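A short worksheet on the structure shown next.
Rule-based calculations on the coordinates, nothing more; no lab input. Keep in mind the model is a prediction, meaning the values are calculated, not measured. Here Cβ is always computed from backbone atoms with ideal geometry, including for glycine, and neighbour counts include all displayed protein chains.
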Amino acid sequence: MKKCLLLVSLLSVNIFFAQAQIPIAGNIDIKAVMPAQTELKLLNALDTLLIHACAGNTRISEVSSPGAALSVDMFNTLKGIENNEKEKDPNYYKPQLVNLYPIAANQYMISVAYMGRDNDAASLRAIVDLIADVNNSRVTFSIPLNYLTRNWKISRIGLIRYHYDDTFKRARAEQFDKNNIRIATRLGLQPEHFDFYLVDNYQDIMPMLGFQYDSESAGDVTEGYGPGDGVIFSIMHNEDFSHDVFHYYAAKIRKHERNSAAEEGIAYSWGNAYYTDDHGEMISQKQLVTKLKAYLLPHPQTSLFDLFSKGPMIFGDQTKVRSLLSSLICDEVERRGGIAAIKELIDCGRGDDNYLKIVNNFTGINPLNFDTQVKELLEKY
């Protein structure tokens, strides 16, 4: 088991709270006042939690409800956080308590920084926030999600419960609820309930999940998060998460490794292209077909198979021509073979060869006639 200790149980509690040091921020005075027994209980529980989390083995008994499953999953993402591959040091980043303060009776916000040093310069891997609930019998922890959204509005649309701080577009939400039911039902699955949090960009999501700062995702804005543990975080404040809902349900019927061409193609067709356009709307297959046709007009010699196999970013944004072409093909597979054929695509295994084998079985499309056949499909849209 890797060590991931604050070592607070080995320190004098009074000294520990008098001054916690973090190299890039100087001295930090932690002024939280609590009974000595409470301090010791809290710090010992924090040590234990981090040991388990950094082994990817957080105990459910260590986690507060509600939302315990998501907290467990997020704490377990700390596994390997101490590792620095460049320095070949699995214990490079050391945990350091940098903040602790009360937010309610017997409830505390805690911040832990994972710090390293590179040629005497401070190196910050992440700052992790978590909430501790202290009671007579035990201390439990959670991610800050419920606390940070405690004053948000809530609207229930069908199976989806939306949480939002400002704007909420009901028409989009109603469409997503229909898509959630439609996608699950088409795959023969029971549609599930989700708590859906509307955020403006990915950096709004991270603090809710417990990452005040994460060097690996610094600067990312256009991603969403989920579905997982019954929770979704939006892409750029859009109420529709149909693309990844398809992936969520597809994973429930897939027995082999994920085939990206197949799943992305179906997700683009049954859902959307994952990213938003300039107006904040999810980008549809129809929009992308129009853009591809416009691209091909001045580039008539373009090989559609090269676009599929090499996947150049011809649209000038994060949407993928490879996934769009696959969506047209997957539509044809479904037209000829129905949902049974779609399920074969989903479970065909990793790699383009496996994908094209199923496609050829149902449509006759293969690398030799790809351009001719797929161009015909494109013209139908």
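Please give, to one decimal in nm, the separation of the simple spin-label points placed at ILE253 and THR167, each 7 Å out from Cα toward the Cβ.
Taking the two extended label points, one gets 3.6 nm.
Report, by chain and number, residues whose modeled amide H sits under 5 Å from the one on THR222, excluding near sequence neighbours (fewer than 5 apart, same chain).
The answer is TYR202.
If the cut-off is a Cα-Cα distance under 28 Å, which lysines reach LYS94, setting aside same-chain residues fewer than 8 apart in sequence?
Correct list for LYS94: LYS2, LYS3, LYS31, LYS41, LYS79, LYS86.
Using a 10 angstrom cutoff on alpha carbons, build the Gaussian network for the chain and name the most mobile of ASN151, ASN238, ASN180.
In the Gaussian network model the winner is ASN151.
Report the residue, chosen from SER123, SER111, SER142, that carries the largest GNM mean-square fluctuation when the chain is represented by alpha-carbon nodes joined by springs under 10 Å.
Result for the chain, Cα springs under 10 Å: SER123 fluctuates most.
Tell me, in nm to one decimal, what length is gained between HIS279 and LEU378 on full extension, where the rule is 0.36 nm per residue of separation less the Cα-Cα distance?
33.1 nm is the gain from fully extending HIS279 to LEU378.
Under a point spin-label approximation (7 Å from Cα along Cα-to-Cβ), what is the SER260-GLU216 distance to one decimal in nm?
Calculated label separation equals 1.7 nm.
Which residues in region 176-218 place their backbone N less than 17 Å from a point set 7 Å from the Cα of GLN107 along the Cα-to-Cβ direction?
208-210
Using Cα-Cα distances under 8 Å and only pairs 6 or more residues apart, what relative contact order does the chain have, in percent? Walk me through the numbers on the way to the answer.
Values: 664 pairs, mean separation 38.1, N = 381.
Worked out over the chain, it gives 10 percent.
Have a look at the DSSP beta bridges in region 149-253 and tell me what percent are antiparallel, nearest 5.
Beta bridges within region 149-253, antiparallel portion: roughly 55 percent.
Under unit Cβ charges (Lys, Arg +1; Asp, Glu -1), what dipole magnitude, rounded to 20 debye, does the chain have relative to its Cα centre? Before the final figure, lay out the partial values.
Working: 39 positive and 47 negative charges, 157 e Å.
So the magnitude is around 760 debye.
What's the FRET efficiency of THR38 with TRP152 using the Cβ-Cβ distance as r and R₀ = 30 Å, to the nearest 0.05?
Efficiency at R0 = 30 Å is approximately 0.50.
Mean-square fluctuation check for the chain, GNM, Cα pairs under 10 Å: which of GLU87, GLU223, GLU264 is largest?
Highest fluctuation of the listed residues: GLU87.
Each residue of region 219-235 in turn: what ³J(HN,Hα) in whole Hz from Karplus with 6.51, -1.76, 1.60 and θ = phi - 60°, glycine and Pro shown as x?
x, 5, 10, 8, 7, x, 8, x, x, x, 6, x, 10, 10, 10, 5, 9
Set Lys and Arg Cβ to +1 and Asp and Glu Cβ to -1, take the dipole of the chain about its Cα centre, and tell me which of LEU292, VAL63, ASN106 lies farthest positive.
Positive-most Cα among the choices belongs to VAL63.
Between region 163-238 and region 276-341, what is the C-alpha centre distance in whole Å?
The distance from the Cα centre of region 163-238 to that of region 276-341 comes to 24 Å.
Give me the extension gain from LYS310 to ASP229: residue separation times 0.36 nm, minus the current Cα-Cα distance, reported in nm with one decimal.
That works out to 25.7 nm of additional length.
What full-extension length gain, to one decimal in nm, is calculated for LYS286 and ASN136 as 0.36 nm per residue of separation minus the Cα-Cα distance? Provide the component values of the computation, followed by the final result.
Working: separation 150, 0.36 × 150 = 54.00 nm, distance 5.90 nm.
Result: 48.1 nm gained on full extension.
Using the Karplus equation 6.51 cos²θ - 1.76 cosθ + 1.60 (θ = phi - 60°), what ³J(HN,Hα) coupling, rounded to whole Hz, does each residue of region 271-277 give in order, writing x for Gly and Pro?
Using θ = phi - 60°, the values come out as x, 7, 8, 6, 9, 9, 8 Hz.
Sorted by average packing, counted as other Cβ atoms within 10 angstrom per residue and highest first, what order do 242-253, 321-332 take?
Result, highest mean Cβ count within 10 Å first: 321-332, 242-253.
Nearest 10 degrees is fine. How inclined is helix 321-346 to the longest principal axis of the chain, computing both from alpha carbons?
Long axis of 321-346 versus the principal axis of the chain: about 80 degrees.
Calculate the radius of gyration of the Cα atoms of the chain to one decimal place, then report Dmax, the largest Cα-Cα distance, as a whole number, both in Å.
Rg and Dmax of the chain, Cα atoms, are 24.6, 77 Å.
So the label point goes 7 Å from the Cα of LYS293 along Cα→C-beta, right? Which residues of region 340-381 then have their backbone N under 15 Å from it?
What the label zone holds, given the 15 Å backbone N cut-off, is 375-381.
Using helices alone, I'd like the mean residue ellipticity at 222 nm for the chain: each DSSP H run of four-plus residues gives -39500 (n - 2.57), total over residue count, nearest 500.
-12000 deg cm²/dmol
Could you go through region 167-182 in sequence order and give the Karplus-derived ³J(HN,Hα) for each residue, using 6.51 cos²θ - 1.76 cosθ + 1.60 with θ = phi - 60°, rounded to whole Hz, and x for Gly and Pro?
8, 8, 9, 4, 4, 4, 4, 5, 5, 5, 4, 5, 5, 4, 5, 5
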